[in-house]
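Taking it in order: structure first as structure tokens, then the write-up.
The values are calculated or read from the model by the stated rules, or taken from the named source; none is laboratory data. Being a predicted model, the structure only gives us computed values, none of them experimental. Cβ sites come from the backbone with ideal geometry, for glycine too, and all protein chains shown count toward neighbours.
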Amino acid sequence: MAVIAEGVEHTEQRDWLLDSGCDYAQGFLFAHAVPANDFTQLLQHQSTLH
């Protein structure tokens, strides 16, 4: 089973989750919410960077 933490906003939270074996995390620490159209453009832009 994979564990996903939601609402991670601070590095201290991320560090604690990593130390606790959490598999994935999401929240404002990593990215702020964006409208659907902007998200599509963000994904397209990221795919050109790799």
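Points worth noting:
- Each residue in the range 21-37 was checked for being surrounded by 10 or more Cβ atoms within 10 Å (Cβ to Cβ) and either at pLDDT below 90 or more than 14 Å from the chain's Cα centre (by Cα) (or both), and 2 pass.
- Residue within the range 5-17 that is part of a strand (DSSP E or B), surrounded by 10 or more Cβ atoms within 10 Å (Cβ to Cβ) and modelled with pLDDT of 95 or more present: yes
- Residue in the range 19-33 that is without any contact (Cβ under 8 Å) to a residue 60 or more places away in the chain, assigned to a helix (DSSP H, G or I), hydrophobic (A, V, I, L, M, F, W, C) and out of contact with any helix residue (DSSP H, G or I) (no Cβ under 8 Å at 6 or more places or on another chain) present: no
- Each residue in the range 12-47 was checked for being touching a strand residue (DSSP E or B) at 6+ places or on another chain (Cβ under 9 Å) and among the aliphatic types (A, V, I, L, M), and 3 pass.
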